[in-house]
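Worksheet for the structure shown next.
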């Protein structure tokens with residue numbers, strides 16, 4: 001399963017769906033490892049692994065289901081993250 005190749009709009013929609021699933025409180029014990037795994041597949045590299053651990057912990061702890069971790073990660077990746085500067089040489 002490779003969710004890293006999805007477009008940013010597809011990742012946003014999928015993230016909102018995953019956050020909605022995560023708000024169902026009685027499936028936390030099953031959803032916590034699944035959400036951590038899906039987060040690492042949606043976002044590659046170190047930030048994906050860190051977000052996966054955060055998502056797992058957030059889902060396994062009672063009362064923290066309201067945190068939209070997939071949507072927060074999407075905003076971090078596509079809105080707030082610094083983009084590398086390119087220098088144009090003429």
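The values are calculated or read from the model by the stated rules, or taken from the named source; none is laboratory data. What you see is a predicted model; the values in this text were computed from it and never measured. Using ideal geometry, Cβ is built from the backbone for each residue, glycine included, and neighbour counts are taken over all protein chains shown.
Name every residue in segment 1-12 that is exposed (fewer than 13 other Cβ atoms within 10 Å of the Cβ) and assigned to a helix (DSSP H, G or I), in order of residue number.
Within segment 1-12, 8, 9, 10 qualify.
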TODO: List the number of the failed condition for residue 67; all other conditions in (1) in a helix (DSSP H, G or I); (2) without any contact (Cβ under 8 Å) to a residue 40 or more places away in the chain hold.
DONE: (1)
TODO: Give the residue that is modelled with the lowest pLDDT, with candidates limited to residues of segment 66-90 that are out of contact with any helix residue (DSSP H, G or I) (no Cβ under 6 Å at 6 or more places or on another chain) and either under 20 Å from residue 10 (Cα atoms) or buried (at least 17 other Cβ atoms within 10 Å of the Cβ) (or both).
DONE: 81
Open item on the list: So the check is Cβ under 7 Å with 6+ separation or different chains; which pairs have a first residue in segment 7-29 that's touching a residue at least 60 places away in the same chain (Cβ under 8 Å) and a second one that's in a helix (DSSP H, G or I)?
Closed with: 8/78; 11/42; 11/74; 12/74
Open item on the list: Against the definition (in contact with a helix residue (DSSP H, G or I) (Cβ under 6 Å, 6 or more places away or on another chain) and surrounded by fewer than 20 Cβ atoms within 10 Å (Cβ to Cβ)), how does residue 57 come out, yes or no?
Closed with: no
Open item on the list: I'm trying to understand the selection: among the residues of segment 1-17, which are farther than 12 Å from residue 69 by Cα and within 9 Å of the chain's Cα centre (by Cα)?
Closed with: 11
Task: Number of positions in segment 24-46 that are at pLDDT below 90, farther than 17 Å from residue 78 by Cβ and loosely packed, with under 15 Cβ neighbours inside 10 Å - done: 5
Task: Sole exception among (1) over 12 Å from the mean Cα position of the chain (by Cα); (2) surrounded by 13 or more Cβ atoms within 10 Å (Cβ to Cβ) for residue 20, by number - done: (2)
TODO: Filter segment 35-46 down to residues that are in a helix (DSSP H, G or I) and in contact (Cβ under 8 Å) with a residue 12 or more places away in the chain and give me whichever is nearest to residue 10 (Cα to Cα).
DONE: 42
Open item on the list: Given (1) surrounded by 15 or more Cβ atoms within 10 Å (Cβ to Cβ); (2) in a helix (DSSP H, G or I); (3) touching a helix residue (DSSP H, G or I) at 6+ places or on another chain (Cβ under 6 Å), identify the lone condition not met by residue 49.
Closed with: (1)
